[in-house]
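Participant: My questions all concern the structure below.
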Amino acid sequence: VAESGARRIRWVADNMMLLGAIAGRFTDEQPFAGKTIGVSIHLEPKTAALLEVLDRGGAQVIATGNLGTTQDDVVVALNESGIRAIGRRDDDPRAHADNLDRVAAEELDLILDNGADLVARRPDVRIIGGTEETTSGANRLRDDLAGHVRFPVIVINDSPLKSIVENQHGVGQSVMESFQRITNLMLPGLRTCVFGYGWCGRGIAQYASRLGARVVVVEPDPIKALEAVMDGFEVREPQDAVDGAKLIVTATGARGVVGPGLVAAIASGAILANAGHFDTEIDVPALDAAAQRREELADGVERLEFAGGHWVRLLTGGRMVNLGGPSPKGNSIEAMDLGFSLQALSLERIATRAGELTVGPQAVPDDINRSLAAMLVAARMAG
Ligand SMILES: NC(=O)c1ccc[n+]([C@@H]2O[C@H](COP(=O)([O-])OP(=O)(O)OC[C@H]3O[C@@H](n4cnc5c(N)ncnc54)[C@H](O)[C@@H]3O)[C@@H](O)[C@H]2O)c1
């Protein structure tokens, strides 16, 4: 098991050019010498590569995963390499909460958090500071935990680099890769309707179009709709846009975007997929209630049949399509390399120059964004 985990971590780490360069410098400079970092993040090969870089920088790392996503072979491999990682894929919510409590109970100097789970456990403790991976965690820091957090927290997801590289290009690639892997269908000529022309939606529309699909966009925000038109896409109202579409993808962050009313206007056999974070963009419970039959056709593909024989196909039960189906891979290694390099450099900033930061949630310092952007340009140009 440890060998499988170690092999998978190696494959990822060898392709993470930015983290590789940072690891070299951290090994020399030891920015985290004598410091303990408490971590709560999905435990899989890409995050394991980040933990190894923090370890190379002199940190004592203690990490736990998120509910249901921990990869057991990665946890074993991390522990074998001397990095403390706790948690299992089949932990129930109670065991998961115990893991978080165990990490929070350590003598921590820094926190790397996901969803503010660790910070919520000890908001006023005297640590140097932390990072927060997600927008939902940042909202929690600004709302429920406002005024309670007594240290700086750099919010990684708000970096403009992440929007470009991860939301637009990472999601664009992985959603189209997942559609092809799950269905084995051809894209050229496929009439595709994308709901939302934000960061994720534009990436999906662009990757689909580059692979030959004919794309129509639905976007209520007039400025985003204008961008879609200027990028060469048709923009239509929902009922009009789904007419004749064979693939319908949601990426809006909104609820109930595709429900029974709209599905009635969709041609039989069309495929529905969601790329948004929550599984509520396609209203699956309402479709389920309206359907006369629901059956699994293949791993990640279901058929829903309505009155009169009308039917549609649903991918990954309406959950994020790029994280479901057989052998899901998520966003590209390079997209995650960028996100985790933002993590590594932000943690270094907190460990070494916390006095320059304000208390509470804040953006990634601009010089970090700029230096990483320059590094990624150089890495891509080097081929
Ligand atoms: N699948 C992944 O790996 C992944 C990665 C990052 C983000 N996400 C998720 O994807 C979703 C979108 O993220 P984003 O960064 O593109 O957000 P965004 O705010 O940049 O874009 C969302 C867009 O959807 C539009 N919209 C809202 N309601 C709509 C509706 N009913 N019909 C059509 N368009 C509508 C908005 O006007 C906006 O332009 C979020 O839920 C986010 O958490 C998923």
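Participant: When the helices in the chain are scored as -39500 (n - 2.57) per DSSP H run of 4 or longer and the sum is shared across all residues, what 222 nm value do you end up with, to the nearest 500 deg cm²/dmol?
Facilitator: So the calculated ellipticity at 222 nm is -12500 deg cm²/dmol.
Participant: Using modelled amide H (1.01 Å from N, peptide plane; none on Pro or chain starts), what sits under 5 Å from the amide H of Gly360, excluding residues fewer than 5 places away?
Facilitator: Phe151, Val153
Participant: Counting DSSP beta bridges with both partners in the chain, what percentage is antiparallel, nearest 5?
Facilitator: Here the antiparallel bridges make up roughly 20 percent for the chain.
Participant: What FRET efficiency, computed as 1/(1 + (r/R0)^6) with R0 = 35 Å and r the Cβ-Cβ distance, is obtained for Arg353 and Leu211, rounded to the nearest 0.05?
Facilitator: 0.20
Participant: Where the centroid of each part is defined by its Cα atoms, how far is region 197-266 from region 44-96 in Å?
Facilitator: 38 Å
Participant: For the chain, give the magnitude of the charge dipole about the Cα centre (Cβ charges: +1 Lys/Arg, -1 Asp/Glu; no others), in debye to the nearest 20.
Facilitator: Working: 38 positive and 51 negative charges, 101 e Å.
Around 480 debye, computed over the chain.
Participant: Tell me which residues come under 5 Å, amide H to amide H, from Thr36 once H is placed; ignore anything under 5 positions away on its chain.
Facilitator: Counting only residues 5 or more places away or on other chains, the set is Gln60, Asp109, Leu110.
Participant: If you place +1 on the Cβ of every Lys and Arg, -1 on the Cβ of every Asp and Glu, and leave all else neutral, what size is the dipole of region 89-190 about its Cα centre, to the nearest 20 Debye? Provide the component values of the computation, followed by the final result.
Facilitator: Details: 11 positive and 18 negative charges, 50 e Å.
Computed about the Cα centre, the dipole is about 240 debye.
Participant: Of Gln343, Ala298, Val321, whose Cα points farthest to the positive end of the dipole of region 281-383 (charges on the beta-carbon: +1 Lys, Arg; -1 Asp, Glu; origin at the Cα centre)?
Facilitator: Gln343
Participant: Among Phe151, Ala116, Phe179, flag the residue with its Cα farthest along the positive direction of the charge dipole of region 104-180, charges on Cβ as +1 for Lys/Arg and -1 for Asp/Glu.
Facilitator: Phe151
Participant: Let me ask something else. Place a +1 charge on the Cβ of each Lys and Arg in region 256-382 and a -1 charge on the Cβ of each Asp and Glu, then give the dipole magnitude about the Cα centre in debye, rounded to the nearest 20.
Facilitator: Values: 10 positive and 15 negative charges, 33 e Å.
The calculated dipole for region 256-382 is roughly 160 debye.
Participant: Given R₀ = 25 Å, FRET efficiency for Leu297-Gln180 by Cβ-Cβ distance, to 0.05?
Facilitator: That pair, Leu297 with Gln180, gives E of 0.95.
Participant: Ranking Thr358, Thr69 by Cβ neighbours within 10 Å, fewest first, what do you get?
Facilitator: Least to most surrounded, the residues fall as Thr358, Thr69.
Participant: Quick one: which residues, 5+ away or cross-chain, put their amide H under 5 Å from the amide H of Met320? H built at 1.01 Å from N.
Facilitator: The answer is none.
Participant: Right, another one. Specify whether the C-alpha gyration tensor of region 39-167 places it in the rounded, prolate or oblate class, a ≥ b ≥ c being the square roots of the eigenvalues: rounded for a/c under 1.5, otherwise prolate if a/b is larger than b/c and oblate if not.
Facilitator: rounded
Participant: Still on this structure, please answer the following. Starting from the Cα-Cα distance between Thr27 and Val1, subtract it from 0.36 nm times their residue separation and give me the gain in nm to one decimal.
Facilitator: This chain segment gains 6.6 nm when fully extended.
Throughout, read-outs are computed from the coordinates displayed, never taken from laboratory work. Keep in mind the model is a prediction, meaning the values are calculated, not measured. Cβ sites come from the backbone with ideal geometry, for glycine too, and all protein chains shown count toward neighbours.
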